[in-house]
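No lab work stands behind these numbers, since they all come straight from the coordinates. Because the structure is a prediction, the values reported are computed rather than measured. A quick note on method: Cβ atoms are made from the backbone with ideal geometry, for glycine too, and the neighbour counts reach across all protein chains shown.
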């Protein structure tokens, strides 16, 4: 027969085996204290959820300190101690409007450009500087000025080179920005240079037209000279040509009796 013993210090009643004298504890289904349940329920109810899209990265800060980067998906967090910063990692396009720069030969022109970039490191992009886009814009402007100041106007108009992307990448990579493309868009000349360039184009086209006209006249004269030589060598060709013209319906043939006939 098994007799029950009294409750121990832990609150669990035990069964005492009279044969060997050992105590075999038996856990009861005692419920946790109500205070623990209340605290657990409050903690669960205070948790919030956030959904990160595929083209986003969310930086999680706990008590003002960076904790982790939330990847695409659904996450739970404590709104009382956690704050988030959302970063768009899709490729973006920045346009640099016309910058008035002096060329190597002292001509003032306006140059515009475009650049493609994206956020490669969300942590460095957020914590590096307050406004990375302004730093990118200033770096692109400097690259345009360096390119234009090292070339003359004729080279710029003929080749339309793109600015050097190397210094831009070296400056922006530590800030988490990756620049993939940088190219010249427009070269705008002052009004006087545009008119001079237009006059040069018009003069060049007029010269081409005059040259073509002279070539046509020379070809016509050569043809007439060849015809005269043939008629001189073969007088009968003139009569044959006359008969060909007379055979046409729209031709009026006038015979002059004063013209001597060839026997």
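Could you state the number of Å between the C-alpha centres of region 82-98 and region 145-194?
22
Sorted by average packing, counted as other Cβ atoms within 10 angstrom per residue and highest first, what order do 152-161, 201-210 take? Walk me through the numbers on the way to the answer.
Details: 152-161: 14.0, 201-210: 10.0.
Top of the packing list down: 152-161, 201-210.
Please label the shape of region 78-219 as rounded, prolate or oblate, based on the square roots a ≥ b ≥ c of the eigenvalues of the alpha-carbon gyration tensor (a/c under 1.5 means rounded; beyond that, a/b larger than b/c means prolate, else oblate).
Verdict is prolate for region 78-219.
Using only C-alpha positions, report the orientation-averaged shadow area of the convex hull of region 43-89, nm², one decimal.
Numbers: hull surface 12.5 nm².
Mean projected area for region 43-89: 3.1 nm², to one decimal.
Assign one of three labels to region 173-257, namely rounded, prolate or oblate, based on the Cα gyration tensor with a ≥ b ≥ c the square roots of its eigenvalues; rounded applies when a/c is under 1.5, prolate when it is not and a/b is larger than b/c, and oblate otherwise.
prolate
Can you tell me the order of 111-118, 192-199 when each peptide is scored by its average per-residue count of other Cβ atoms within 10 angstrom, highest first?
Ranked by mean Cβ neighbours within 10 Å, highest first: 111-118, 192-199.
So what is the relative contact order of region 92-192, in percent, for Cα pairs below 8 Å that sit 6 or more residues apart? Spell out each step's value before the answer.
On the way: 172 pairs, mean separation 40.8, N = 101.
Over region 92-192, the number comes to 40 percent.
Take the Cβ-Cβ distance between residue 71 and residue 131 as r, set R0 to 25 Å, and report the resulting FRET efficiency rounded to the nearest 0.05.
Details: r = 25 Å, r/R0 = 1.02.
The computed FRET efficiency comes out at 0.45.
Multiplying the sequence separation of residue 200 and residue 118 by 0.36 nm and subtracting their Cα-Cα distance, what value in nm do you get? If you can, show how the numbers build up before the last one.
Numbers: separation 82, 0.36 × 82 = 29.52 nm, distance 4.37 nm.
So the chain would gain 25.2 nm between residue 200 and residue 118.
Students often check this: by mean Cβ neighbours within 10 Å, which of 174-186, 221-233 ranks highest, and how do the rest follow?
Numbers: 174-186: 16.6, 221-233: 10.3.
Averaged packing, sorted descending, gives the order 174-186, 221-233.
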